Ligand code: WT7
């Protein structure tokens, strides 16, 4: 994306949202944090690491052998002790750790003391089943308390977990189990999904039948109550084995660089990458960012992150960051529209949720469903809203703050990746004047920049590649079993400068604030101009008739690439040629004539992965009239049929 043309000012929404003085006055973190970190970055991270409980304090903060980092390497600690035991020892055993709500409506409250006894039993159970420090454990569970308990039990004994999202197939499971060489799998009979039991164990059985693995046991939680096939000797019921354990467990002190987990990122092509995270630095940064960006007050807040535990957001901001900070968290098993579209808001109302963290794709869906739904609930407990996963278009940002945040809550747009382990770019809610659509700037202690093709920083007003210029505590320590690929993927693009290549395009506005433009592979080249798909999508969504938009570049004989847009209309908008013409004109006026889509298709749905990312590859197939490629990673594989059916109605002009 060399010389990205600053075609437009993505900030069509000109309003700024400075922190409410009342919020600022009570905020956990002030502007001084930036100064402290700028003056002494490593000293700043030492201070944050000191918020944790260490068995032995480190002497060396950072050992940086590019691109291999060790943080706090000679220190020792235990992640589970930090997330659980510490709080019980400090007298908070009766505080609720988890408010669990199952999709069918069953509820369970688990205090920190109860969590400690469950995690201890589970740690003893894993040990009884032969799991030793260093062995890998695969976790394939629904969003139930046992998922959190299983992760913490693994952390407690130092057995790195590899959580595999419950929506993945047997093949994906097999690939991940063998790549990590797991010796035990924790699963459930089934979980609830859209009002019915969706079986999980059959996928594990099928995966383990696909070939050679080192799996000795499959530990099965009873959740769905569905019948499951049983392999005696290998299969063990979670309940049975936990019941016979002691509810105390002596946690070992583990080196700060002991592997905590492996998490596979799908990537659009190639074999999934097992992203490796270790203990001390990861816990330091997840806990600090959760404290700073969500402003958690452990005595009074109720925190809800709606992500699935199978993604990094679930690891860092359901489990490790919040629990290290003694948060009371909400854990919800199901989908936002079961039994109806008010489910999320009913949960916010019931538990008096104060801090909510969700994704733009969900926000746009709620926006599409209409204001009347959240308006029926009491959302007055909310005092901060967060967003993560993709660029949030200004339209959705404004809607989120207005319809959910009663026009008063800060909205924090947090940029980070599976690889970064924790938030990297985000406003600080008591400090930053937020700009809808901009993640603003690097957090204290984080060094980010935007560079051109040669790795030279662009000035304010310029665009290019997002890079991280200094190591950070929660950075990935590598790709499991593939140091070569680690070097190649992240450190070869700007090897001269020694920068981490994030793979995202970004712009700096005149104030130096950052606007994320999506993956660089999502940038289109139209008549020699670089245009980001996000920019055009944002322009489309700013039109009142549009609920959601996805844009791709399709090969074009004259312009190199032509812009093709797929658009979902809002509930009350009508489909039609006039509207299509209007939308094209709208994009032209918002960005410039060069960005006017060649073609706009009105569609009922968009193809998304299970983590909510739009699969542009499939849309490009449609736009280029090709056979539609592999749809197995789609959350709903029938979506492509719905889109293809709309093809004859496609409006193409000029
Ligand atoms: C990619 C990482 C971080 C947890 C969820 C995704 C995109 C993420 C933002 C944001 C713009 C964002 C980037 C990034 N992304 N957050 N606030 N604004 N883009 O983790 O699956 O590893 O994906 O998600 O493109 O590189 P992931």
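The values are calculated or read from the model by the stated rules, or taken from the named source; none is laboratory data. What you are looking at is a predicted structure, and each value in this text was computed from that prediction instead of being measured. Heads up, the Cβs are rebuilt from the backbone with ideal geometry, glycines too, and the neighbour counts pull from every protein chain shown.
Things to note:
- Every residue from region 366-385 that is touching a strand residue (DSSP E or B) at 6+ places or on another chain (Cβ under 8 Å) and away from the ligand (no atom under 16 Å from the Cβ): 367, 368, 381, 382, 383
- Meets criteria (out of contact with any helix residue (DSSP H, G or I) (no Cβ under 9 Å at 6 or more places or on another chain), closer than 24 Å to residue 222 by Cβ and surrounded by fewer than 20 Cβ atoms within 10 Å (Cβ to Cβ)) for residue 106: yes
- Counted as qualifying within region 84-203 are the helices (runs of 4 or more DSSP H) with 1 or more residues that are under 24 Å from the mean Cα position of the chain (by Cα), namely 145-157, 170-180.
Here is a yes/no grid of residues against (1) surrounded by fewer than 22 Cβ atoms within 10 Å (Cβ to Cβ); (2) more than 16 Å from residue 420 (Cα to Cα); (3) within 16 Å of the ligand (Cβ to nearest atom):
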{"site": "437", "(1), (2), (3)": "no, yes, yes"}
{"site": "446", "(1), (2), (3)": "no, no, yes"}
{"site": "455", "(1), (2), (3)": "yes, yes, no"}
{"site": "458", "(1), (2), (3)": "yes, yes, no"}
{"site": "464", "(1), (2), (3)": "no, yes, yes"}
{"site": "472", "(1), (2), (3)": "no, no, yes"}
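- Residue 388 satisfies every condition listed in (1) in contact with a strand residue (DSSP E or B) (Cβ under 9 Å, 6 or more places away or on another chain); (2) within 15 Å of the ligand (Cβ to nearest atom); (3) at pLDDT below 95 except (3).
- Candidates 354, 358 - the one that is within 20 Å of residue 429 (Cβ to Cβ), buried (at least 17 other Cβ atoms within 10 Å of the Cβ), modelled with pLDDT of 95 or more and within 16 Å of the ligand (Cβ to nearest atom): 358
- Residue in region 485-499 that is modelled with pLDDT of 90 or more, surrounded by 22 or more Cβ atoms within 10 Å (Cβ to Cβ) and in a strand (DSSP E or B) present: no
- Check on residue 331, touching a helix residue (DSSP H, G or I) at 6+ places or on another chain (Cβ under 7 Å), over 30 Å from residue 46 (Cα atoms) and buried (at least 23 other Cβ atoms within 10 Å of the Cβ): yes
- Failed criterion for residue 486 (all others in (1) out of contact with any helix residue (DSSP H, G or I) (no Cβ under 9 Å at 6 or more places or on another chain); (2) more than 16 Å from the ligand (Cβ to nearest atom) hold): (2)
- Residue match in region 547-555 (condition: under 24 Å from residue 628 (Cα atoms), out of contact with any strand residue (DSSP E or B) (no Cβ under 6 Å at 6 or more places or on another chain) and not in a strand (DSSP E or B)): no
- Number of positions in region 495-519 that are more than 16 Å from the ligand (Cβ to nearest atom) and either touching a residue at least 12 places away in the same chain (Cβ under 8 Å) or in contact with a helix residue (DSSP H, G or I) (Cβ under 6 Å, 6 or more places away or on another chain) (or both): 6
- Filtered by the rule that a residue be over 13 Å from the mean Cα position of the chain (by Cα), within 11 Å of the ligand (Cβ to nearest atom) and outside any loop (DSSP other than H, G, I, E, B), region 263-318 gives 273, 275.
- Residue within region 11-27 that is surrounded by fewer than 17 Cβ atoms within 10 Å (Cβ to Cβ), at pLDDT 95 or above and under 18 Å from residue 447 (Cβ atoms) present: no
- Sub-6 Å Cβ pairs linking a first residue in region 400-425 that is closer than 27 Å to residue 547 by Cβ and without any contact (Cβ under 8 Å) to a residue 40 or more places away in the chain to a second residue that is in a loop (DSSP other than H, G, I, E, B) and within 7 Å of the ligand (Cβ to nearest atom), at least 6 apart or interchain, are 413/392; 413/439, ordered by first then second residue.
Conditions (1) surrounded by fewer than 20 Cβ atoms within 10 Å (Cβ to Cβ); (2) more than 27 Å from residue 532 (Cα to Cα); (3) within 14 Å of the chain's Cα centre (by Cα), marked per residue:
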site: 397; (1), (2), (3): no, no, no
site: 404; (1), (2), (3): no, yes, no
site: 407; (1), (2), (3): yes, yes, no
site: 413; (1), (2), (3): no, no, yes
site: 416; (1), (2), (3): no, no, yes
site: 420; (1), (2), (3): no, no, yes
site: 424; (1), (2), (3): no, no, yes
site: 427; (1), (2), (3): no, no, no
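- Flag for residue 468 being within 12 Å of the ligand (Cβ to nearest atom), surrounded by fewer than 24 Cβ atoms within 10 Å (Cβ to Cβ) and under 23 Å from residue 360 (Cβ atoms): yes
- Residue 74 being surrounded by fewer than 22 Cβ atoms within 10 Å (Cβ to Cβ) and part of a loop (DSSP other than H, G, I, E, B): yes
- Here residue 160 fits the description: more than 20 Å from residue 229 (Cα to Cα) and either surrounded by fewer than 22 Cβ atoms within 10 Å (Cβ to Cβ) or in contact with a strand residue (DSSP E or B) (Cβ under 6 Å, 6 or more places away or on another chain) (or both).
- Considered as a group, the residues in region 396-412 that are in contact with a helix residue (DSSP H, G or I) (Cβ under 7 Å, 6 or more places away or on another chain) and within 12 Å of the ligand (Cβ to nearest atom) include one that is modelled with the lowest pLDDT, and that residue is 396.
- Within region 173-207, the only residue that satisfies the criterion of being closer than 20 Å to residue 229 by Cα, surrounded by 17 or more Cβ atoms within 10 Å (Cβ to Cβ) and out of contact with any strand residue (DSSP E or B) (no Cβ under 9 Å at 6 or more places or on another chain) is 174.
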